[in-house]
Amino acid sequence: MSETRSIFRGVGGYLPARIVTNDELSKSLDTSDEWIVQRVGIRQRHIAAEGEVTSDLATAAARRALANAGLTIDDIDLIVVATTTPDKTYPATAAFVQNKLGMRHGAAFDLQAVCSGFVYATATADSMLKNGLARRALVIGAETNSRILDWTDRSTCVLFGDGAGAAVLELVTLERGEAERGILASSLRADGQHWDKLYVDGGPSSSQTVGHVRMEGKEVFKHAVGKITDVVETVLAKTGYTVADLDWFVPHQANRRIIDGAGAKLGIPPEKVIVTVDRHANTSAASVPLALATGVEDGRIKRGDLVLLEAMGAGFTWGATLVRW
Ligand code: UT7
C-alpha cells in the first residue's frame, strides 16, 4: 500500500549583516564575554538593520529554501510564518512575505508559539498537506528579537538575536517498498500556567504597546531539560525508533547548557548535535530552521539520515518532530 508523507525538499537561512559581539555589548552594559560564554555559550548575535523587518528576513530565507529545493514561488500553495515579532499587529507577516515573493494564490498565515514556533508550524503544515489543503508549503521561522529587548536588562538582552530560517515541505506518495522519507511523527505540548516565567510585557489588548522580554531565567532553565527529554521520548515512542537510531539532533538554540543537558540526559553523543547558538544566540522561532539549514548546507545532514527537531519556549510550549531526511 502507498502512503503520503511530507518531505523536506529544501531549506535556507538568512541572518542580518550586522554582527554584535559580547565585547561590543559589554561597552554599554555591565556584562562580559566570559560571563555570557560560560552561562549560555553565546559569542555573538546578528541584529537587523534599521528598517529591516521580520518579513524581509523571512522572505530572504524563503528565497534560499526555494533555491535549495529547485522550485519557484509558483510551486508553493501555503506559507506559514512562525514569529513572535510580526511586522505589524495585523495582517499576518505571512501576508507580507507572500506579497514580497509575488505569490497571488494559495494561503498564508502566522503561527505564534514563540521558540517552539517552527516545530509547531512544521507539524501544522504537515497535517494540512496530508489533509489535502495544500501540496507544497513554505514553513518559516523569523524574528527581529532585537526590537522587543530591554537593552538595559543584562539578564535578557545578551541572550537573543535576529534571523530567519525556512523549509519547503512537499507532499509525496511513497509506494510500497520505497525507502522511508519525510516527517515520521510530531509531538506538541503546552502548559500555560507557566506564562509568567517568560513573556513580553505588552500587547494590543492589554497595554496597547509592544513591550519587552521579561524572564525568570532560573525557572526557565529548571523546566527546559525535563520538558525537552519528555517530548523527544514521546515522538520516538510513536515511531519505534530509539535515541541510538538518530543521526542528527537539531535542538532549539537558546542556551548551550540546556542543549548539552538535554543531549546528556537523552544519551545523544555531542558529535550528533547541531549547535549554532554560539554564532546566532537565541533567534526564537528561527533557531531550529537556521540550525537545520546550517547542517544541510555544510553537508552533515544527508538524504536518508534520521533527524530529530526539538524546541521549548515561552508559554511554556514545547515539541519535537522526527524526520527521515
Ligand atoms: O527559550 C528559552 C530561553 N531562555 C533561556 O534559555 C534561559 C534559561 N536560563 C538561563 O540560562 C540562566 O538562568 C541565565 C543564563 C539567563 C542566567 O544565569 P543564572 O545562573 O540563572 O543567573 P542569575 O539570574 O541567578 O544571576 C546570577 C548573577 C546575578 O548577579 P548577583 O545578583 O549574583 O550579583 C545577575 O545579576 O549574574 C548576574 N547577571 C549577569 N552578569 C553579567 C545576569 N545577567 C548577567 C550578564 N552579565 N549578562
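What follows draws every value from the coordinates through simple rules; no lab data is involved. Remember, it's a predicted structure, so these values are computed and weren't measured experimentally. FYI the Cβ positions are ideal-geometry reconstructions off the backbone, even for glycines, and counts take in every protein chain you see.
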The stretch 182-324, relative contact order [Cα under 8 Å, separation at least 6], %: 37 percent
Pairs of alpha carbons in the stretch 185-246 whose separation is greater than 20 Å (percent): 48 percent
Helix-only [θ]222 nm of the chain, DSSP H runs n ≥ 4, -39500 (n - 2.57) each, per residue, nearest 500: -10000 deg cm²/dmol
Alpha carbon Rg of the chain, scaled by the compact-globule rule 2.2 N^0.38 Å: 0.94
Against the rule of thumb 2.2 N^0.38 Å, how large the Cα Rg of the stretch 90-205 comes out: 1.30
Peptides 173-182, 188-197 ordered by average Cβ neighbours within 10 Å, highest first: 188-197, 173-182
Inter-site label distance for Lys218 and Asp260 at 7 Å from Cα along Cβ, in nm: 2.1 nm
Order of Ile19, Ile76, Ile7, Ile140 - criterion: other Cβ atoms within 10 Å of each residue's Cβ, fewest first: Ile19, Ile7, Ile76, Ile140
Kirkwood hydrodynamic radius of the stretch 3-174, Cα pairs, Å: 16.8 Å
Binned Cα-Cα distance frequencies in the stretch 182-324 - 5 Å width, integer %: 2, 10, 19, 22, 20, 12, 7, 5, 2, 1
Sites Lys88 and Arg189 - FRET efficiency at Förster radius 30 Å, r taken between beta-carbons, to 0.05: 0.55
Whole-number percent relative contact order across the stretch 3-174, with pairs defined as alpha carbons under 8 Å at least 6 apart: 35 percent
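Ratio of alpha-carbon Rg to the 2.2 N^0.38 Å globular estimate for the stretch 24-103, to two decimals, please. Before the final figure, lay out the partial values.
Values: Rg = 17.2 Å, N = 80, 2.2 N^0.38 = 11.6 Å.
Dividing the Cα radius of gyration by 2.2 N^0.38 Å gives 1.48.
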Contact order relative to length of the chain, as percent, for alpha carbon pairs under 8 angstrom and 6 or more apart: 26 percent
For the stretch 3-174, size of Cβ-based charge dipole, Lys and Arg +1, Asp and Glu -1, in debye: 440 debye
Computed magnitude of the charge dipole of the stretch 182-324 (debye, nearest 20; Cβ of K, R +1, Cβ of D, E -1): 60 debye
Positive dipole terminus of the stretch 149-254, leading residue within Val231, Ser206, Gly177 (C-beta point charges): Ser206
Likely footprinting exposure, Glu143, Glu233, fewest C-beta neighbours within 10 Å first: Glu233, Glu143
